[in-house]
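Engineer: First the structure, then my questions, so here it is.
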Amino acid sequence: MRILLTIFALWLAGLGSAAQFGKLSFAFDLMAARYPEQGAAGIGLIVSIVGIVGLIFGTTAGLLVARIGPRRAIVAALALGAVVSALQTLPLPYIALILTRILEGVSHLAIVVVGPTMIAGLAPPRQQGLAMTLWSSFFGVTYALLALVAPPLLADGSITALFLGHAGWMAALALILHILLPTDPAAPPLPSLGGLIRQHGTIYASPSIAAPAMGFVFYTALYVALLTLFPPLLPEGQRAFAAAGMPLFSIAVSLTLGVWGLSYMSAVRMVQAGYAAGLVAALVLGAGWGQGTVTLLAAFALAGAMGIVQGASFAAIPQLNITAEDRARASGAVAQLGNLGTTSGTPVLALLIAGMGPSGVIAFALPLCAAGIAVHALQARRRARQA
């Protein structure tokens, strides 16, 4: 029972880390009113800088967590997140707010590296696929929950209730995980700067450590861009349904069909199957564009296929990596390349839509799905040669 409670608490910590993005997304207009001189780009930086920290330092975090100790790292990250979220309710100068968001990026990165690493180590082998798929749902679940709770909390025109609620959530999880998690072993010395750089090369040269991240980057590029830019292309009556329904359908497929499939095939095969389903869905979307229900069903199918990729990518971390240190490295690489996909996918798709219209969605989705299949096939061949 303690193991199940600990896994659930780690997932709840993941919800808190996703809310470090989501709270600013929902409070975007209020932040724009607070800092009118910054313009849309300046307010956008407030939202995105958390991901930029992960993009730059993702693999570094994976290396450091293994040496700091996962319990120390996640408890400290949650405590830092609580303090920073509370500070952001104050009337801070813009540059001070940016500094708090950088600290929040450090907190977020530590949580998303430690969370899947510890869940993989705690879950019984037969339940590992389910546990990792549950973890993979943390972003989608958070945004769905925020869509319910954020509007009433922001209704008075103040961010205070939402941000203090988030601070309380992070502080509570810091205390809970401090109690539930096992004590860390003695921390070995931190590597030198040169050692960190060399280990980055080791991570991305490894067909086991790097594989989950190298397949995941195509998912984040496609999924985030699709959810952001696809609904506005639909007729007015279908936009809200697609915007709300696609991420929920993705989570549902991941936790049902995705978990079921992991009991019959490896996580890597499931990732490839998800991308193959995405290819088919994208082709149907292109062939049936403008045909009402066909377009909507194909879009939901594409979102569902990406849900399979999402869960199986996290399940691949423990399947391909035996030691906790390698799992932390793999999780750091997933955080780094995942942020690369998140930050690059939406502007690329926006350019394609501007130049090609709705066909840009198909031109964007097909090569990304094909690349996800090909990269995992290449890494699997490399692992076979090393065996």
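Engineer: If I filter region 2-13 for residues that are charged (D, E, K, R) and either within 22 Å of the chain's Cα centre (by Cα) or crowded, with 17+ Cβ neighbours inside 10 Å (or both), do I get at least one hit?
Structural biologist: So far as region 2-13 goes, no, none of its residues is charged (D, E, K, R) and either within 22 Å of the chain's Cα centre (by Cα) or crowded, with 17+ Cβ neighbours inside 10 Å (or both).
Engineer: Still on this structure: For residues in region 335-387 being in a loop (DSSP other than H, G, I, E, B) and over 23 Å from ARG269 (Cα atoms), which is nearest to the chain's Cα centre (by Cα)?
Structural biologist: The first filter runs over region 335-387 and keeps only residues in a loop (DSSP other than H, G, I, E, B), leaving 357-358, 387.
Still in the list and also over 23 Å from ARG269 (Cα atoms): 357-358.
Numbers: GLY357: 28, PRO358: 26 Å.
If we take residues in region 335-387 being in a loop (DSSP other than H, G, I, E, B) and over 23 Å from ARG269 (Cα atoms), then PRO358 is nearest to the chain's Cα centre (by Cα).
Engineer: Take the residues of region 361-382 that are of a type outside the set (Val, Ile, Thr) and touching a Gly at 6+ places or on another chain (Cβ under 6 Å): which is farthest from GLY286 (Cα to Cα)? Walk me through how you get there before you give the answer.
Structural biologist: Here is the first cut: in region 361-382, the residues of a type outside the set (Val, Ile, Thr) are 363-372, 374, 376-382.
Now narrow it down to the ones that are touching a Gly at 6+ places or on another chain (Cβ under 6 Å): 369, 372, 376.
Numbers: CYS369: 15, GLY372: 20, HIS376: 26 Å.
Looking at residues that are of a type outside the set (Val, Ile, Thr) and touching a Gly at 6+ places or on another chain (Cβ under 6 Å), I get HIS376.
Engineer: Now, a different point. Just the residues that are over 15 Å from GLY62 (Cα atoms) and at pLDDT 85 or above, please, taken from region 189-207.
Structural biologist: ALA205, PRO207
Engineer: A further question on this structure: Of all residues in region 286-306, which are hydrophobic (A, V, I, L, M, F, W, C), in contact (Cβ under 8 Å) with a residue 60 or more places away in the chain and within 12 Å of ALA242 (Cβ to Cβ)?
Structural biologist: Within region 286-306, LEU296, ALA299, LEU302, ALA303 qualify.
Engineer: Here is a further query. Checking the condition aliphatic (A, V, I, L, M) and touching a Phe, Trp or Tyr at 6+ places or on another chain (Cβ under 6 Å), which residue from VAL294, VAL309 passes? Before the answer, list the steps.
Structural biologist: Details: VAL294 fails: touching a Phe, Trp or Tyr at 6+ places or on another chain (Cβ under 6 Å).
Answer to the check: VAL309.
Engineer: Restricted to region 338-371, and to residues that are crowded, with 21+ Cβ neighbours inside 10 Å and at pLDDT 90 or above, which residue is farthest from LEU122 (Cα to Cα)?
Structural biologist: VAL361
Engineer: Let me ask something additional. Just checking: which of the helices (runs of 4 or more DSSP H) contained wholly in region 194-307 hold 3 or more residues that are within 30 Å of GLY332 (Cβ to Cβ) and small (Gly, Ala, Ser)?
Structural biologist: Where helices (runs of 4 or more DSSP H) fall fully within region 194-307 and carry at least 3 residues being within 30 Å of GLY332 (Cβ to Cβ) and small (Gly, Ala, Ser), they are 211-229, 267-287.
Engineer: Any residue in region 203-216 that's assigned by TED's automatic domain parsing to the domain that holds CYS369: show its pairings with residues that are at pLDDT below 90 and among the acidic types (Asp, Glu) at Cβ separation under 7 Å, as long as the two are six or more apart or on different chains.
Structural biologist: ILE209/ASP326
Engineer: Moving to a separate point now. Any idea which of PHE230, PHE249 is buried (at least 22 other Cβ atoms within 10 Å of the Cβ), under 23 Å from the mean Cα position of the chain (by Cα) and outside the structural domain of LEU63 (by TED's automatic domain parsing)?
Structural biologist: PHE230
Engineer: In region 124-172, how many are of a type in the set (S, T, N, Q), surrounded by 19 or more Cβ atoms within 10 Å (Cβ to Cβ) and assigned to a helix (DSSP H, G or I)? Break it down stepwise before answering.
Structural biologist: Within region 124-172, the first condition is being of a type in the set (S, T, N, Q), and the residues that meet it are 127-128, 133, 136-137, 142, 158, 160.
The next check asks that each one be surrounded by 19 or more Cβ atoms within 10 Å (Cβ to Cβ); those that pass are 128, 133, 136-137, 142.
Now restrict to residues that are assigned to a helix (DSSP H, G or I): 128, 133, 136, 142.
Number of matching residues: 4.
Engineer: Continuing with this model, one more query. Counting just the residues of region 320-337 that are closer than 18 Å to LEU55 by Cα and among the polar types (S, T, N, Q), which one comes out surrounded by the most Cβ atoms within 10 Å (Cβ to Cβ)?
Structural biologist: Here the answer is SER331.
Engineer: Which of (1) out of contact with any Ser or Thr (no Cβ under 9 Å at 6 or more places or on another chain); (2) closer than 30 Å to THR183 by Cα does LEU90 not meet, given it meets every other one?
Structural biologist: (2)
Engineer: Being over 27 Å from GLY307 (Cα atoms) and without any contact (Cβ under 8 Å) to a residue 24 or more places away in the chain is the filter here, so list the residues in region 92-131 that pass it.
Structural biologist: Of everything in region 92-131, those that are over 27 Å from GLY307 (Cα atoms) and without any contact (Cβ under 8 Å) to a residue 24 or more places away in the chain turn out to be LEU92, PRO93, ILE95, ALA96, LEU99, THR100, LEU103.
The values are calculated or read from the model by the stated rules, or taken from the named source; none is laboratory data. Just so you know, these numbers come straight off a predicted model, no measurement behind them. Virtual Cβ from ideal backbone geometry, glycine too; neighbours counted across all protein chains shown.
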